[in-house]
Amino acid sequence: MDPIFHFLPDAPKPVAPYSHAVEAGPFIFVTGQLATDPDDDSVPIPAGIEAQTRKVMDNLARVLKGCGLTFDNVVFVRIYLTDFKRDYAAMNETYTDVFGDHRPARSAVAVAALPIGALVEVEAWAFVA
């Protein structure tokens, strides 16, 4: 089975040469999302970890929806933070608001920097039932 590369019109414009998501077998791998505006990529990213995490989750939801999925299909999440100590708790509150009682496997990684000066980036793996 060949992978299916999804480039979705309602998702944020990628900041580099990649697909929004790749479908391989029963999984869809969603590219890391930043807090960019999907309707106008010239709009600056929001200030603060809470606002950026909320926007990242909105963008992730757009990609999932474009693939016919929701957060309930997500089985793994990887989160990248540029200031782990300062931002982890606040990011986690917003993450919990979005995922509710759904608990996919997850890792969170401290990084030196992210594209466009972002504070947070989130990627996800989803299972297609």
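The values are calculated or read from the model by the stated rules, or taken from the named source; none is laboratory data. On a predicted model such as this, the values are computed, not experimentally measured, just so you know. Note that each Cβ is placed from the backbone with ideal geometry, even for glycine, and that neighbours are counted across all protein chains shown. In case anyone asks, the SASA skips ligands and DNA or RNA and just uses the protein heavy atoms, side chains included. Shrake-Rupley method; radii C 1.70, N 1.55, O 1.52, S 1.80 Å.
Condition test on K13, is it in contact with a Leu (Cβ under 9 Å, 6 or more places away or on another chain), free of Cβ contacts under 8 Å to residues at least 40 places away in the same chain and not aromatic (F, W, Y)?
Judged against the criteria, K13 is not a match.
It is to be established whether one or more residues within region 42-63 are among the aliphatic types (A, V, I, L, M), closer than 30 Å to D2 by Cα, assigned to a helix (DSSP H, G or I) and open to solvent by 10 Å² or more (accessible area, probe 1.4 Å).
Within region 42-63 (the criterion being among the aliphatic types (A, V, I, L, M), closer than 30 Å to D2 by Cα, assigned to a helix (DSSP H, G or I) and open to solvent by 10 Å² or more (accessible area, probe 1.4 Å)), the answer is yes, since at least one residue qualifies.
Against the definition (out of contact with any Asp or Glu (no Cβ under 7 Å at 6 or more places or on another chain), closer than 19 Å to V15 by Cβ and among the hydroxyl-bearing types (S, T, Y)), how does S42 come out, yes or no?
Here the answer is yes, as S42 does meet what is asked.
Look through region 29-41, keep the residues that are more than 11 Å from E123 (Cα to Cα) and touching a residue at least 24 places away in the same chain (Cβ under 8 Å), and return whichever of them is least open to solvent (accessible area, probe 1.4 Å).
Ranking the candidates gives A35 first.
So if I check each of Y95, Y88, which one is within 18 Å of A124 (Cα to Cα), aromatic (F, W, Y) and open to solvent by 50 Å² or more (accessible area, probe 1.4 Å)?
Y88
Residues are listed down the side, and each one gets a yes or a no for (1) out of contact with any helix residue (DSSP H, G or I) (no Cβ under 7 Å at 6 or more places or on another chain); (2) of a type outside the set (F, W, Y); (3) in a loop (DSSP other than H, G, I, E, B):
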position: A90; (1), (2), (3): no, yes, no
position: E93; (1), (2), (3): yes, yes, no
position: A108; (1), (2), (3): no, yes, no
position: A112; (1), (2), (3): yes, yes, yes
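Just one of V22, V98 is part of a helix (DSSP H, G or I) and either among the β-branched types (V, I, T) or in contact with a Lys or Arg (Cβ under 6 Å, 6 or more places away or on another chain) (or both); which is it?
V98
Name every residue in region 99-129 that is surrounded by 15 or more Cβ atoms within 10 Å (Cβ to Cβ), closer than 22 Å to V15 by Cβ and without any contact (Cβ under 8 Å) to a residue 60 or more places away in the chain, in order of residue number.
Of everything in region 99-129, just one residue is surrounded by 15 or more Cβ atoms within 10 Å (Cβ to Cβ), closer than 22 Å to V15 by Cβ and without any contact (Cβ under 8 Å) to a residue 60 or more places away in the chain, namely A108.
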